[in-house]
Each structure stands twice: as C-alpha cells, then as structure tokens.
Amino acid sequence: MNPKRIIIDTDPGVDDALALLLALASPEIQLEALTTVHGNTNVENTTRNALAVLEFLHAADIPVAQGCSLPLLVPLHKSGDAVHGTGGIGNTNLPDPKVKPVDEHAVDYLIQRVLAEPKEISIFPIGPLTNIALAIRKEPRFAEAVKELVIMGGSLRAGGNITPAAEFNMHADPHAAHIVFHSGIPITLIPLDVTYKCLLTSEDVERLNRIDAPIARFVRDATAVYMEFYKKYEGFNGCALHDPLTLATIIAPELLTFENHYVDVDISGGVSMGSTLADFMKVSKKPANVKVALGVRGREFVELFIERMEALSALGGGA
Ligand code: RIB
Ligand code: CA
C-alpha cells in the first residue's frame, strides 16, 4: 500500500518531537513537510526545533515552513517552558540546525502544496490552528483541496489541561479552531479523552535505553522535564503521547474507536473559552462535522511507539 502523504503543522514541543520521530520511523507515512506555529514555545523556537529534529534524524531534506507567531485574537500563551523546557524539547541539546526554513510563510506553503495536488495531502495539525485557519480564509479553494485534517486537540468529556474546560491547542487560538471546525474540511479529532490513556512511563524509557543509541537518549532527555511536570501536577508516572497518537490513524487505526458528532468551539470569551463541545444528544440537529476518537487501546499504542523507537535506535538513527 502506498505510504500516506502528510504535512505536520507543529509546535515542537516534546510530544511534537516524539511525533516526528514516530512519523519518520513509520514506512506507512510519507512526511512531505513541516509547518511551524506558536504554541509550546515561540515560533522561532518551534521552527528551530523542527529543523534540528529533522537534521538529527538525517531528514533535513524535508522542507520546513515557518508560520504564525501570534494567535488570531487572544494573547500569545507564554508558559510552555514548565512543560516542555526552556528550549521547547526538554533536556535535549540538539545543535543549532544548519538548514533554514523555506522562504514561504507556512500559510502560503500549505496553500500552494494543497492546491498543486488537490485531495492528495493530509494535514496533521498538532499545535494551535492559526496557520490552518488563515489558509482557509486566505484561499477559498484551500478547504476543498485539503484531503483531511487529523487534529490533536480538544477534550469532549475529559476536562481541560490548560483551563478546567479547555485543551491547550484549542485554547491557545480558539478563534482559529472555530474557523477550522466550521470549514467543511473532513476532520478527525484526537482529543485528551484518548491521549491521556497513552502514557509513556519512565520504565518504558528505561527499557528503550537498554539500547545504547542517540534516539533512545533523545527520547529520555526530551521526556525528562515533561515527566517531572506530569508527576508534580497530574500525579502520573509518565507523560501523555498526545501528538504521536494522531499517527495511529495511519499506522494502527484498529487501536482507535471513532464516533461522528457535531462539535463546536467556545469563543464566547468566558470561563470555558476554547472548550470543544460535542452534541452527543443531537439536540442542535446540526450534521456531524468531526470524526472523534473516543476509545483507544492506549497501552498497545505505547508499546507500538516504543517498538518503533527501538527499531529506529537499532538502525542507528539520530545524531
Ligand atoms: O494538549 C496537548 C497539546 O498541547 C499537544 O499538542 C502539546 O504539544 C501541546 O501543544
Ligand atoms: Ca503540539
């Protein structure tokens, strides 16, 4: 079967970086490009991190386009350091990348790639949706030409992780999320309801590091700060593989259970700003606009992630 052609829109970010590792460790995926956005850290850092991770993985030929530095309307979120470390990827100390991003802005890059090959390219947004929303608004043909969006974000019954009601990516730019959810583009949503069931534990990382390899050490160093945060604030021994789980829609869809629902995004500006509201009881009579993952065999996904990292490590990937 031909590998699935995807562009990942990303704010690396520890779990974003793990998603990039998994994408490049998966023959079912053809990673066409990365576009970067503000989120876990500022867009200069997310772009540097994206370039540095690709270079670390000997994949510097994959284009990176830098995107929006600010949300559409709300102020920029600034406290990602506590979760993702000051550089944005934990304790990793990747060298400054030699490669540069492409000249085009991420919004223009997404538009030109998608219009050049309509219905061929899936976009995986795993950060705030600012770039995607502006592509929809700037080019009316964009929404029709995108094959699909597979989005990490939202929370339907699991509560929020940045406010009591909202998940980080949606809260970081709720107006962008509202535009995307009402765009008509086929959307698959991977919310906190399933990502919090995919916990990478310190024992998993120790098992991976039985292999003496740069990739294994990268996963250990990247997740160290992230795991401390989860232990301190969420009482978990481990960290959630939020962004990597989007790729399960390609490499192990049998691990996910989906339902179709009408989902809206709260932009009313109150206490639940950025929350994602699913019409489970069909009271709005509005047609479903999102295919939502509400079930996952989480431990099996984490095992798959570790196995793919072990294979990548054994191949001598990285550095
Ligand atoms: O809520 C989890 C999401 O927010 C992930 O994409 C993580 O990288 C952060 O951006
Ligand atoms: Ca992210």
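The values are calculated or read from the model by the stated rules, or taken from the named source; none is laboratory data. Here the structure is a predicted model, which is why all the values come from computation and not from measurement. Here Cβ is always computed from backbone atoms with ideal geometry, including for glycine, and neighbour counts include all displayed protein chains. All accessible areas refer to the heavy atoms of the entire protein, side chains included, with ligands and DNA or RNA removed. Shrake-Rupley method; radii C 1.70, N 1.55, O 1.52, S 1.80 Å.
Quick notes on this one:
- Filter pass, HIS58 being under 25 Å from LYS147 (Cβ atoms) and open to solvent by 30 Å² or more (accessible area, probe 1.4 Å): no
- Single condition SER122 does not satisfy, out of (1) within 18 Å of LEU245 (Cβ to Cβ); (2) more than 12 Å from the chain's Cα centre (by Cα); (3) open to solvent by 10 Å² or more (accessible area, probe 1.4 Å): (3)
- With respect to (1) of a type in the set (Asp, Glu); (2) touching a helix residue (DSSP H, G or I) at 6+ places or on another chain (Cβ under 6 Å); (3) away from ligand 2 (no atom under 16 Å from the Cβ), the lone exception for ASP96 is condition (2).
- Pair list, Cβ < 9 Å and 6+ apart or interchain, from region 1-30 residues that are at positive phi to residues that are within 16 Å of ligand 2 (Cβ to nearest atom) and not in a loop (DSSP other than H, G, I, E, B): GLY13/ALA19; GLY13/THR46; GLY13/ASN49; GLY13/VAL83; GLY13/HIS84; GLY13/ASP243
- In region 167-176, the qualifying residues are those that are open to solvent by less than 10 Å² (accessible area, probe 1.4 Å) and over 14 Å from the mean Cα position of the chain (by Cα), and the one that is farthest from ligand 2 (Cβ to nearest atom) is PRO174.
Results for (1) more than 16 Å from ligand 2 (Cβ to nearest atom); (2) under 27 Å from THR195 (Cα atoms); (3) touching a helix residue (DSSP H, G or I) at 6+ places or on another chain (Cβ under 8 Å), shown as yes or no for each residue.
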residue	(1), (2), (3)
LEU115	yes, no, yes
ILE121	yes, yes, yes
MET152	no, yes, yes
THR163	yes, yes, yes
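- Considering residues of region 139-166 that are surrounded by 20 or more Cβ atoms within 10 Å (Cβ to Cβ) and more than 22 Å from ILE7 (Cβ to Cβ) only, the residue nearest to ligand 1 (Cβ to nearest atom): ASN161
- Number of residues in region 230-241 that are open to solvent by 10 Å² or more (accessible area, probe 1.4 Å) and either within 19 Å of the chain's Cα centre (by Cα) or charged (D, E, K, R) (or both): the value is 3.
- Flag if ILE136 is open to solvent by 10 Å² or more (accessible area, probe 1.4 Å) and within 12 Å of ligand 1 (Cβ to nearest atom): no
- Those residues of region 115-160 which are in contact with a His (Cβ under 9 Å, 6 or more places away or on another chain) and without any contact (Cβ under 8 Å) to a residue 40 or more places away in the chain, in sequence order: none
- For region 291-319, a residue qualifies if it is without any contact (Cβ under 8 Å) to a residue 12 or more places away in the chain and either assigned to a loop (DSSP other than H, G, I, E, B) or in contact with a Ser or Thr (Cβ under 9 Å, 6 or more places away or on another chain) (or both), and exactly one does: LEU315.
- The set of residues from region 281-317 being out of contact with any strand residue (DSSP E or B) (no Cβ under 6 Å at 6 or more places or on another chain), modelled with pLDDT of 95 or more and open to solvent by 50 Å² or more (accessible area, probe 1.4 Å) comprises MET281, LYS282, VAL283, LYS285, LYS286, PRO287, ARG297, ARG299, GLU300, GLU303, GLU307.
- Residue within region 215-223 that is in contact (Cβ under 8 Å) with a residue 60 or more places away in the chain, open to solvent by less than 60 Å² (accessible area, probe 1.4 Å), touching a His at 6+ places or on another chain (Cβ under 7 Å) and within 27 Å of ILE123 (Cβ to Cβ) present: no
- Residue in region 184-198 that is more than 27 Å from LEU110 (Cβ to Cβ) and surrounded by fewer than 19 Cβ atoms within 10 Å (Cβ to Cβ) present: yes
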